[in-house]
Amino acid sequence: MTKWIWRFLVDKNLLWAKVVRASHGEFVWENSGLSKVDGKRMQPGWWKNVVSICRGDEGKWMRDNVEVVLGDGELFSFWNDWWSGEGKLSELFPRLFRISDNRAGRIKSMGNWVEGSWTWNLGWSREPRGRELQQVQSLLSIINRRDLRVDNRDGWCWKAATNGVFSVKSAYETLSRERRQRNYQIKEDELTQISKIKAPAKVTLTAWKVIKGRLPTIDNLIRRQVAIQGPNLCVICNEWEESVEHLFFSCAKIEEVWKEVILWMGKQAVFHLKAKPHFNAFANLGKKEDVKFLTAVWCCVVWCIWKKRNECIFKQGSWSKERMVAEIKTRIWGWSSAFNLNQPNADFRRWNAAAQLQG
Ligand SMILES: [Zn+2]
């Protein structure tokens, strides 16, 4: 999730970032996360999820680590971006914002370089008067604290990394550091831990193999130099080569299943593409009392994927997202009474419509 936000911020020329702008409009960075400039509602979908996670409690650690670095003023909007260190200027000085003659302007367009030093030149549609004059003074005292740099470009600094550049590794380390004390994490002794998950043993064993990368997926077979006949394609999408990461996490069709299951539990998330962080993130989607349920659901999903994959290869099975999601729900329902999971909902119809997590 953080990676998407970061790349969206720093690389405006990425194709997907352009597509996001074309369909959702322009965004600015605030201390509350990414926010839309025009305030209109966003289209539902992947990007909306990313944005809402970055704005919610879950995104706090990310917001704490992103800092605007002022350079030549080319990138940030003077009134709308969170660059001043105090807040969005359009919100701090709404009256001045109203009489500005350059409400959408970049910082760069609000002044000039005079003999090597920056001089503000804020334009007004009419002269400020009365209390507005005082506000202009306060505004200037805020923005004068920030230095523009003619030879540097505007950008963002990722405070968690010493070089200021975001990497998934540093984000993950920051996140795990924050979560380590309070949340469920899979530890070194994985098999013991996973075998305690409230699901049938064959299911938890498969989940463990997924996490350990020990399932005979095609990439693993090739690594073990087992001869493969026919194409190496993923049998679910028939587009990409099969690997543990692809089959269980990044295959577009499988992603849909995860999304649907998460939605059913009333959660929102975008996930890691590696098994272990994916499992950990999933286990921590809810409150502490939900861990038992969430870990069982995770195991159930990967087990159903593996079963379906084998059916497709060996028994000419066919793919249907709806059928898979229905199967997952039914299985969990079965286990939840057998394993006495923390599920208060005793009516299957209601359960099928929405898993009632406590969090
Ligand atoms: Zn696939």
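Observations, loosely collected:
- For the Cα trace of segment 187-353, dividing Rg by the Kirkwood Rh returns an Rg/Rh value of 0.96.
- Its DSSP H runs of at least 4 residues, each contributing -39,500 (n - 2.57), put the calculated 222 nm mean residue ellipticity of the chain at -13500 deg cm²/dmol, to the nearest 500.
- Using a Gaussian network model of the chain in which every pair of alpha carbons under 10 angstrom is joined by a spring, one finds that among Phe93, Phe78, Phe314 the greatest mean-square fluctuation is at Phe314.
- To the nearest 10, the accessible area of Leu133 is 90 Å² with a 1.4 Å probe.
- For segment 2-158, the extents of the C-alpha atoms along the principal axes are 46, 33, 28 Å, listed from largest to smallest.
- Heavy-atom accessible surface of the chain: percent carbon and sulfur, 1.4 Å: 49
- Of Gly56, Gly130, Gly111, the residue with the greatest mean-square motion in the GNM of the chain, using alpha carbon springs below 10 Å, is Gly130.
- Convex hull volume per residue in cubic angstrom - Cα atoms of segment 230-325: 87
- Angle between the chain longest axis and helix 168-180 axis [Cα atoms, degrees, rounded to 10]: 80
- Listed residues Thr206, Thr295, Thr162, most fluctuating in the chain (Gaussian network, C-alpha, under 10 Å): Thr162
- Rolling a 1.4 Å probe across the protein heavy atoms gives segment 187-353 an accessible surface of 51 Å² per residue.
- Largest-first ordering by accessible area, 1.4 Å probe, given options Lys308, Lys12: Lys12, Lys308
- Residue-normalised convex hull volume from the C-alpha trace of the chain: 183 Å³ per residue.
- Here the gap between Trp46 and Val19, fully extended at 0.36 nm per residue and compared with their Cα-Cα distance, gives a gain of 8.5 nm.
- Compared with the dominant principal axis of the Cα atoms in the chain, helix 201-212 is inclined by about 50°.
- Efficiency of FRET between Cys312 and Ser195 - r from beta-carbon atoms, R0 30 angstrom, step 0.05: 0.60
The values are calculated or read from the model by the stated rules, or taken from the named source; none is laboratory data. A quick note: this is a predicted structure, and the numbers were derived from the prediction, not measured. Using ideal geometry, Cβ is built from the backbone for each residue, glycine included, and neighbour counts are taken over all protein chains shown. Areas reflect the complete protein model, heavy atoms only, side chains present, ligands, DNA and RNA absent. Shrake-Rupley method; radii C 1.70, N 1.55, O 1.52, S 1.80 Å.
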